[in-house]
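Note sheet for the following structure.
The values are calculated or read from the model by the stated rules, or taken from the named source; none is laboratory data. Worth saying up front: this structure is predicted, and the values here are computed from it rather than measured. Don't worry about glycine lacking a Cβ; one is built from the backbone with ideal geometry, like all the others, and counts go over all protein chains shown.
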Amino acid sequence: MSFYVNQVTIVYMRKLIDKIRVNRDQREKLIKIVRAKKSEQREVLRARIILLLWEGNDENEVAEKLSVTAKTVRKWRDRFHAKGIKGLKIALAQGRQRPLLPYKGVKL
């Protein structure tokens with residue numbers, strides 16, 4: 001069985017992947033993050049990415065509007081698909097962690 005994929009099929013599949021489903025509660029939380037004065041700017045950017053994708057923009061349009069790369073848009077879209085809003089929060093650092101040094105008391 002062979003499967004033929006042409007350029008049109010790839011574009012269509014990419015558009016299906018770009019579409020994102022956001023329920024009412026998630027949308028309200030994303031808007032709250034964007035509007036809050038105390039939100040971290042990186043979380044605001046991630047929330048804006050998801051909201052723009054939900055509005056029907058493709059990843060390249062979102063990347064251009066927000067001055068980020070399409071790779072960044074794909075990363076946060078995929079994280080949102082996998083983990084929801086919790087996936088947009090700051091992730092733990094990747095890689096080797098620095099060892100904790102023994103505590104030395106402060107001398108006055």
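Here is a yes/no grid of residues against (1) in a helix (DSSP H, G or I); (2) modelled with pLDDT under 90; (3) surrounded by 12 or more Cβ atoms within 10 Å (Cβ to Cβ):
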site: VAL34; (1), (2), (3): yes, no, yes
site: ARG48; (1), (2), (3): yes, no, yes
site: LEU53; (1), (2), (3): yes, no, yes
site: THR72; (1), (2), (3): yes, no, yes
site: GLY87; (1), (2), (3): yes, yes, yes
site: GLN94; (1), (2), (3): no, yes, no
site: TYR103; (1), (2), (3): no, yes, no
site: LEU108; (1), (2), (3): no, yes, no
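Take the residues in segment 55-70 that are small (Gly, Ala, Ser) and outside any helix (DSSP H, G or I), then tell me which one is surrounded by the fewest Cβ atoms within 10 Å (Cβ to Cβ).
So in segment 55-70, the residues small (Gly, Ala, Ser) come out as 56, 63, 67, 70.
If we keep only those that are outside any helix (DSSP H, G or I) too, we end up with 56, 67.
Numbers: GLY56: 11, SER67: 8.
Applying the filter and picking the extreme gives SER67.
Name every residue in segment 74-85 that is surrounded by 13 or more Cβ atoms within 10 Å (Cβ to Cβ) and either on the phi > 0 side of the Ramachandran plot or among the hydrophobic types (A, V, I, L, M, F, W, C) (or both), in order of residue number.
TRP76, PHE80, GLY84, ILE85
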